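Nothing in this text is a laboratory measurement; each read-out follows from the coordinates by a stated rule. Computed from a predicted structure; not experimentally measured. Note that each Cβ is placed from the backbone with ideal geometry, even for glycine, and that neighbours are counted across all protein chains shown.
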Ligand code: UDP
């Protein structure tokens, strides 16, 4: 039996693929390569290029393969873009998940581990955020992630499809091997953008707003190393396999860093000045997001080991220095 890694050629999916292979798990990768990179899929792994909104395509994959669990990373994930084009998010994220669930139910596949987001919470008064916090997304992106969670909840009630939804805070860093990393086009995330300045690919970093109600006026986020993050997915797969009930878990490092602190740390790690200018706030951005991941630590026995922000930025820097143009020109390895 194999695990279908849906969105397995993307930033987080590709790290999950490596982690699963390192544990000798049987996997198949499904990705439409809209934002993923075929070069990130290791040689020898069964790869299906196609879109989860395509019922026939997905059905064929599930007919061909003996799939018993799904890890679902395939989604659009940019807060800013979702505010400009919300229907793109409903289509790919919500409708895509609907087709995936339909296909799973049709083929009797009972377990799904799902990439959710801290964006489901929106602005919160109480920090750190626990899973009991009310959900009030401030972006269309967050709203679609919540809708996908709810869809899974009702599918569990009706069909017994068990899910673990992992609400990611800010995922960053890269594989310690330096072989895979973050490569988005266009890049919108803070850490890769800051490192592109250090690499000489950008003149400066623009800090989105300086009058948030935080100590230095810039947004605070909880950054989690991508390799710690994917570890939790494997634990979640095993939890479901052992009969665990559907549940939701936060994944973060339980510490917050402001945008200015990230820029400062990147200056230290890279030895580059990294000029910064203050720009407009970005629509949909809450001031502070810090996770409590106690529940994941307890129930899934997850113990992140790369929580130091210097480690996170250093591993990302290692990837960016050696792959300034991402996967361009690389082979499947
Ligand atoms: N940010 C910024 N300048 C940039 C990109 C991001 O100031 O060029 C800020 C953004 O407003 C947010 C934080 O950095 O407060 C992290 O943003 P990112 O896009 O990396 O992740 P998100 O929080 O949207 O998941």
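Quick notes on this structure:
- Paired Rg and Dmax values of region 5-98, which use every Cα atom, in angstrom: 13.5, 42
- Pair-distance distribution of region 132-239: all C-alpha pairs, bin width 10 Å, starting at 0; shares per bin in whole percent are 11, 29, 36, 19, 5, 0.
- The convex hull drawn around the Cα atoms of region 181-321, when projected onto a plane and averaged over every direction, covers 9.4 nm².
- Dimensionless Rg over Rh [region 157-214; C-alpha; Kirkwood]: 1.16
- Nearest-ten-degree value, helix 55-64 long axis tilted from longest Cα axis of the chain: 70 degrees
- The alpha carbon radius of gyration of region 58-178, expressed as a multiple of 2.2 N^0.38 Å, is 1.13.
- Between residue 298 and residue 136, full extension at 0.36 nm per residue minus the direct alpha carbon distance yields a gain of 55.8 nm.
- Computed over region 254-333, the Cα gyration tensor eigenvalues convert (square root of 5λ each) into semi-axes of 26, 22, 14 Å, ordered from largest to smallest.
- Protection proxy ranking for 4-14, 159-169, using the average of other Cβ atoms within 10 Å per residue and placing the highest first: 4-14, 159-169.
- Directionally averaged projected area (convex hull, Cα atoms, the chain), nm²: 15.4 nm²
- Against the chain, whose longest principal axis is taken from its Cα atoms, helix 140-159 shows a tilt of about 20°.
- For region 1-102, the relative contact order is 32 percent, taking Cα pairs closer than 8 Å that sit 6 or more residues apart in sequence and dividing their mean separation by the residue count.
- Over the chain, DSSP H runs of length four or greater, each weighted -39,500 (n - 2.57), average out per residue to a 222 nm ellipticity of -11000 deg cm²/dmol.
- Candidates 317, 154, 302: whichever shows maximal mean-square fluctuation once the chain is modelled as a Gaussian network with Cα springs under 10 Å: 154
- For the peptides 232-244, 248-260, the ranking by mean Cβ contacts within 10 Å, running from highest to lowest, is 248-260, 232-244.
- Placing a label point 7 Å from the Cα of residue 87 along the Cα-to-Cβ direction, the residues of region 147-168 whose backbone N falls under 20 Å from that point are 147-148.
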